[in-house]
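The values are calculated or read from the model by the stated rules, or taken from the named source; none is laboratory data. Small disclaimer: the values here were computed from a predicted structure and weren't measured. All Cβ positions, glycine included, derive from the backbone under ideal geometry; neighbour counts span all protein chains shown. Just so you know, the surface numbers come from the protein's heavy atoms only, side chains and all, with ligands and any DNA or RNA stripped out. Shrake-Rupley method; radii C 1.70, N 1.55, O 1.52, S 1.80 Å.
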Protein chains: 2
Amino acid sequence: MSAIQDLYPDDYSHCYGCGRLNTHGLHVRSEWNGNEAVARFHPDPWHIAIPGFVYGGLVASLIDCHGIGTAAGAAMRAAGKEPGVDPSPRYVTASLQVDFLKPTPADAELVVRGTPSEVGERKIIVDVTVSAGGQITARGRVIAAPLPKSMLPAGA
Amino acid sequence: MSAIQDLYPDDYSHCYGCGRLNTHGLHVRSEWNGNEAVARFHPDPWHIAIPGFVYGGLVASLIDCHGIGTAAGAAMRAAGKEPGVDPSPRYVTASLQVDFLKPTPADAELVVRGTPSEVGERKIIVDVTVSAGGQITARGRVIAAPLPKSMLPAGA
């Protein structure tokens, strides 16, 4: 099974956070599993806030792209499609909330879990946790919306 | 006058978002001006969500580091010190909220403004806007807290 982001159309695969075609990017990859999506991420040594601890903006970026990927998966499930197998629809972030519960250690694999809590046609809400070493260090919520017409590529 | 982040102690100047000693980082620089702080940022070509539009995680990162810099400035003002001249205290992000109002164009200088709305000893709240071409494209709120003991460098 592919990551949800690997099945975005090429035009929508340039995202710095999760686009497979962005050579500078973070390459967040969200895999569907049951009723949630899971991403695993190893921060680079320079992704720190203070030595030893992950940069909050990186945590926010993981929650953002993984939340949007989870929203795509939830929309596919609602439409009878299979996340990670069928092409993924592209959502955008309407709002992002992150609560930093404790410092996130920089030397651990981060596990990001997203669970859809509301799946509507115009809005999907995803609750996200970020864990390191089995401990949740941040909680987030993403409100996702279908890609607006103003962001469609020229000619679409 | 220096940026607030340029006057963090060396140990706290490695942040990916705003640390002057992080050679890979974004180098967000917040300058105090009256009752607010202002940062100007030019995204790199790869900081996109979809071609032509800035990555939301970058917008969140700007709001995060600029909000924390603004909190430092507000704390200094409350203590009778001068932001951008005296050494800056280091705050961390307790929570981060971003509302994406419209797509942020990738080819514009971004202007980030932070205004403290509550300045307490244990918590400082900063409201932030991100503008491109004179239009506000995102609004954020950062709740900042003094650096916890668990994040102090060894020996401090």
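Annotations for the structure displayed:
- Residues in the stretch A:14-34 that are in contact with a Ser or Thr (Cβ under 7 Å, 6 or more places away or on another chain) and either touching a residue at least 12 places away in the same chain (Cβ under 8 Å) or not hydrophobic (A, V, I, L, M, F, W, C) (or both): A:GLY17, A:GLY19, A:ARG20, A:LEU26, A:SER30.
- Pick from the stretch B:6-41, criterion among the acidic types (Asp, Glu) and not in a strand (DSSP E or B), ranking: surrounded by the fewest Cβ atoms within 10 Å (Cβ to Cβ): B:ASP10
- Within the stretch A:61-97, the residues that satisfy the criterion of being part of a helix (DSSP H, G or I) and open to solvent by 40 Å² or more (accessible area, probe 1.4 Å) are A:ARG77, A:ALA78.
- Residue match in the stretch A:57-72 (condition: at pLDDT 95 or above and over 14 Å from the mean Cα position of the chain (by Cα)): no
- Every condition in (1) within 9 Å of another protein chain (Cβ to nearest Cβ); (2) within 16 Å of B:GLY140 (Cα to Cα) holds for B:ALA39 except the one numbered (1).
- Test: residue in the stretch A:111-127 that is more than 14 Å from chain B (Cβ to nearest Cβ), touching a residue at least 40 places away in the same chain (Cβ under 8 Å) and of a type in the set (Asp, Glu): no
- Test result for B:THR93, among the hydroxyl-bearing types (Ser, Thr, Tyr) and within 13 Å of another protein chain (Cβ to nearest Cβ): yes
- Options B:ALA138, B:ALA108, B:ALA154; residue that is within 30 Å of B:ILE50 (Cβ to Cβ) and either in a loop (DSSP other than H, G, I, E, B) or at pLDDT below 95 (or both): B:ALA108
- Yes/no for A:ASP99 being within 14 Å of the chain's Cα centre (by Cα) and at the interface with chain B (Cβ under 7 Å from one of its Cβ atoms): no
- Cβ-Cβ under 6 Å pairs, at least 6 apart or on other chains, the stretch A:140-156 side within 14 Å of A:CYS65 (Cβ to Cβ), far side part of a loop (DSSP other than H, G, I, E, B) and at pLDDT below 75: none
- Taken over the stretch A:15-36, the criterion of being within 14 Å of another protein chain (Cβ to nearest Cβ) and more than 14 Å from the chain's Cα centre (by Cα) is satisfied by A:LEU21, A:ASN22, A:THR23, A:HIS24.
- Residue within the stretch B:42-51 that is more than 14 Å from chain A (Cβ to nearest Cβ), surrounded by 21 or more Cβ atoms within 10 Å (Cβ to Cβ) and more than 13 Å from the chain's Cα centre (by Cα) present: no
- A:LEU58 within 13 Å of chain B (Cβ to nearest Cβ), in a helix (DSSP H, G or I) and surrounded by 21 or more Cβ atoms within 10 Å (Cβ to Cβ): yes
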